[in-house]
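**Student:** Below you will find the structure I want to go over with you.
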Amino acid sequence: MALMLLAMMPEMKAEDFSAKEVVLEHIKDSHDWHVWGEGENAIVIPLPIIVNSSSGWHVFCSSQFEHHASADGLRQGPYGLAIATEGEHAGKIVENGSPVLDLSITKTVAVMFINVIILLCCILFSAHWYKKHKASDNAPGGFIGFVEMLVMYVVEDIIKPGVGKGYEKYTPYLLTCFFFIFTCNVMGLIPFPPGSGNVTGNIAVTFFLALCTFIIVQFSGNKHYWKDIFWPDVPLLLKAPVPLMPVIEFVGILTKPFALMIRLFANMMAGHAIAVAMPCIIFLVASMSAGVFFSMSAVSVIMAIFMMCLECLVCFIQAMVFTLLSSVFIGMARAVPEHE
């Protein structure tokens, strides 16, 4: 990312540089995939646009939208459509100022599809090795050995202790969560296609993952789980006639998936934002003295490298934490009192 920003320096004046715009451009979703450069020399990958407006369904390429916004903040396109660049509908496709039904393949969706394909290839490649070997054969090495190590670690140290007895039927879902989040996190560190997407820093993605865990937890709950929610073992005055504790327990059902969603979203978005913001210091001090410029540039590059190394660790930690909490929540819903 630092190299990409440095390459933009000849085309950008210090007074015209906005660190906020650079950071937001990286972490937010868009209808085209910006790769390199600025202005007319920018390299942009157009993406499919699928919308339903007042004139019906339309499918076309995002390159048909104008590159620059007009005075009213709209990038005009075909069929009376435009992409708003400011206001409450910024980043959305609008018609006469109002948003339309948008099912387009945005940058986040495109990167997510690529990540899923990469993940499937890695898993199927590993599975193909096991089909050709017996359990008595030597343990695999290299990439397949790395995948086996991750699988065994997640199953034995996260899923099995968290879920408890009968963990086997939840293992496929929890392993899918771990490897999907881990793959998206790692691919997000790559500053060029097929990476650079902020998938797990998109709250819609983390919301769906948390929703899946929420549904599984509720359908896995036994009679003790529901009894502790609607009629917990507390003094009668705390649950009748005013159901104080049942209300608190019911709210707890919703706070668990909310914590899953916000934890993953906030950590990944903040990490990406800081990693991109560090090289921006170079442009902010470009008009200062040579001493200040070179010293601050060195600091910003060192901090950017440090943040990228830290993000490599965070990629694994966030995937592990989401899987761990999901396992614990499922285990809590299936817990049986010791006296039974």
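**Student:** Once the whole set of protein chains is in place, how much accessible area is left on GLU249, using a 1.4 Å probe, in Å² to the nearest 10?
**Tutor:** 70
**Student:** Given the options ALA71, ALA84, ALA298, which has the most mean-square fluctuation in a GNM of the chain, springs set between C-alpha atoms less than 10 angstrom apart?
**Tutor:** Fluctuation is largest for ALA71.
**Student:** Right, something else. Net charge within 13 Å of GLY77 by Cβ-Cβ distance, Lys/Arg positive one each and Asp/Glu negative one each, not counting GLY77 itself? Mind dumping the intermediate values first?
**Tutor:** On the way: positive: ARG75, LYS92; negative: ASP32, GLU66, GLU95, ASP102.
Every neighbour counted, the sum reads -2.
**Student:** Could I ask something else about it? In a shell of Cβ-Cβ distance under 15 Å around GLY252, excluding GLY252 itself, what net charge do Lys and Arg (+1) and Asp and Glu (-1) give?
**Tutor:** Details: positive: LYS227, LYS239, LYS256; negative: ASP228, GLU249.
Summing Lys and Arg as +1 and Asp and Glu as -1 gives +1.
**Student:** On to the next question. Within 10 Å, count the other beta carbons around each residue, average over each peptide in 289-295, 150-156, 320-326, and list them highest first.
**Tutor:** 320-326, 150-156, 289-295
**Student:** Okay, moving on. Any idea what the relative contact order of the stretch 259-340 is, in percent, if you count C-alpha pairs under 8 Å spaced at least 6 apart?
**Tutor:** Details: 33 pairs, mean separation 26.4, N = 82.
Computed over the stretch 259-340, the figure is 32 percent.
**Student:** Further question on the same structure: If you count only protein heavy atoms with a 1.4 Å probe, what accessible area per residue comes out for the chain, rounded to a whole Å²?
**Tutor:** Numbers: 18590 Å² over 340 residues.
In whole numbers, the chain has 55 Å² accessible per residue.
**Student:** Here's something else I'd like to know. Alpha carbon centre of the stretch 45-92 versus the stretch 213-276: separation in Å?
**Tutor:** Spelled out, the Cα-based centre of one part sits 40 Å from the other.
**Student:** Taking only Cα atoms and a 10 Å spring cutoff, compute GNM fluctuations for the chain and point out the largest among PHE265, PHE214, PHE60.
**Tutor:** Judging by the Gaussian network model, the answer is PHE60.
**Student:** Take every Cα pair under 8 Å in the stretch 272-319 that's 6+ residues apart, average their separations, divide by the length, and report that relative contact order as a whole percent. Provide the component values of the computation, followed by the final result.
**Tutor:** Details: 26 pairs, mean separation 19.4, N = 48.
Once divided by the residue count of the stretch 272-319, the mean separation gives 40 percent.
**Student:** Which whole-number percentage describes the relative contact order of the chain, with Cα contacts under 8 Å and a sequence gap of 6 or more? Present the calculation step by step, with values, prior to reporting the outcome.
**Tutor:** On the way: 412 pairs, mean separation 70.8, N = 340.
Once normalised by length, the contact order is 21 percent.
**Student:** To continue, here is another question. Roll a 1.4 angstrom probe over the protein heavy atoms and tell me the percent of accessible area of the chain that is carbon or sulfur. Working shown, then result.
**Tutor:** Details: 12960 of 18590 Å².
Carbon and sulfur: 70 percent of the exposed surface of the chain.
**Student:** Separate question: Per residue, how much space in cubic angstrom lies within the convex hull of the C-alpha atoms of the stretch 219-340?
**Tutor:** In the stretch 219-340, the Cα convex hull volume per residue is 154 Å³.
**Student:** For ARG263, ARG334, ARG75, give the ranking by accessible area with the largest first, probe 1.4 Å.
**Tutor:** ARG263, ARG334, ARG75
**Student:** Can you classify the stretch 134-270 as rounded, prolate or oblate using the Cα gyration tensor, where a ≥ b ≥ c are the square roots of its eigenvalues, rounded means a/c under 1.5, and otherwise it's prolate if a/b beats b/c and oblate if not?
**Tutor:** oblate
**Student:** So if each residue of separation counts as 0.36 nm, and I subtract the Cα-Cα distance between ASP157 and GLN76, what length gain in nm does that give?
**Tutor:** Full extension from ASP157 to GLN76 adds 23.8 nm.
**Student:** So, one more: To the nearest 10 Å², what's ASP157's accessible area with a 1.4 Å probe?
**Tutor:** 90
**Student:** From the square roots a ≥ b ≥ c of the eigenvalues of the alpha-carbon gyration tensor of the stretch 113-163, which class results: rounded (a/c under 1.5), prolate (a/b over b/c), or oblate?
**Tutor:** Values: a/c = 2.17, a/b = 1.05, b/c = 2.08.
The shape class here is oblate.
**Student:** Further, regarding this structure: Nearest 0.05, what FRET efficiency do LEU244 and PHE208 give at R0 = 45 Å with Cβ-Cβ as r?
**Tutor:** For LEU244 and PHE208, the calculated efficiency is 0.85.
**Student:** Once you list every other residue whose beta carbon is under 13 Å from the beta carbon of VAL205, what net charge do they have if Lys and Arg are +1 and Asp and Glu are -1?
**Tutor:** 0
**Student:** Quick check: from the Cα gyration tensor, does the stretch 83-140 come out rounded (a/c under 1.5), prolate or oblate?
**Tutor:** Working: a/c = 8.18, a/b = 5.27, b/c = 1.55.
In terms of gyration-tensor shape, prolate.
The values are calculated or read from the model by the stated rules, or taken from the named source; none is laboratory data. Quick caveat: nothing in here was measured; it's all calculated off a predicted structure. Using ideal geometry, Cβ is built from the backbone for each residue, glycine included, and neighbour counts are taken over all protein chains shown. Side chains are part of the model used for accessible areas, which takes the heavy atoms of the whole protein and leaves out ligands, DNA and RNA. Shrake-Rupley method; radii C 1.70, N 1.55, O 1.52, S 1.80 Å.
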